[in-house]
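One structure is given here, and the rest of the page talks about it.
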Amino acid sequence: MVLITDPWFYAAAIPAVILVGLSKGGFGGTMGMLCVPILTLAISPVQAAGIMLPILVVMDAVALFAYKGRANWQCLSILLPAAILGISVGWATAAYVNDDFVRLMVGLISLAFVADYVFKGRKQQTAAKHNPAKGMFWGSIAGFTSFISHTGGPPYQMYTVPLRMPQALYAGTGVIFFATGNAIKLVPYFFLGQFDATNLTASFTMIPLALIATLVGVRLVRIVKADTFYAIIYLFMAVIGVKLTFDGISSLLA
């Protein structure tokens, strides 16, 4: 067992795990996207990814139990096959893809989606209908960006948020979608050497906090009003969009 003793790691890891736990509790992956950027304040992005994935899988198991199969299965039947394809492409091209460009792309997509909500979308209260072509596109992008840079939330929400599902149904659908993706990612991450003794020890150290945060997230989804619930999602999408856009531009211009 190789324990990380740097206090700055835990100063970054504790809020990161709390945010991703709340996200796993039912807020669709958006808050959880902050975890890797926060962790990279103390460790490398590669190590952050290696530490977080086992924690995510444990959180997924708790969230799956909490929602007990409550999901929009038509939505998942469209999105999941596309996401698996996206993850496969991400693995096949991992050595060639520019992470900074992916971050910039997802950041700009997020900001465009929020802008549409602020200036037009929030005036439209009717739910969108399922569109398999649109779902396949955003599902594959979500799988690809999730594998490359852990930013699958905004592409996933591009398709699911306009459906205006009830909170519990939306949350349960997101839990199954991301749990499936994370389980699949265990294989390529293992072969990429991201599960060494140091990373796994750090993962197991943070799991108790992750479980508590996930259960708190499950509780919040059940008591927050629908308008507030979606407003929170858009708010975090805006924060993430600004963060990813800034990081992508800064790195590409460096």
From fewest to most C-beta neighbours within 10 Å, the residues H150, H130 line up as H130, H150
Take the residue pairs K24/K225; K134/K243; K68/K225; K24/K68; K68/K243 and return only those whose Cα atoms are more than 23 Å apart.
K134/K243; K68/K243
Rg and Dmax of the chain over Cα atoms: what are they, in angstrom?
17.0, 54
Expressed in nm², what is the orientationally averaged projection area of the convex hull enclosing the Cα positions of region 49-130?
7.9
Once the dipole of the chain is set up from charges on Cβ (+1 Lys and Arg, -1 Asp and Glu), the residue from the list P188, A127, A231 lying farthest towards its positive end is A127
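Order these by the 10 Å Cβ neighbour count, fewest first: V239, V187, V17, V161.
Ascending number of Cβ neighbours within 10 Å: V187, V239, V161, V17.
Every number here is computed from the coordinates shown, using simple stated rules; none is lab data. As the structure is a computational prediction, the values presented were derived from the model and not from experiment. Ideal geometry is used to build each Cβ from the backbone, glycine not excepted, and the neighbour counts take in all protein chains shown.
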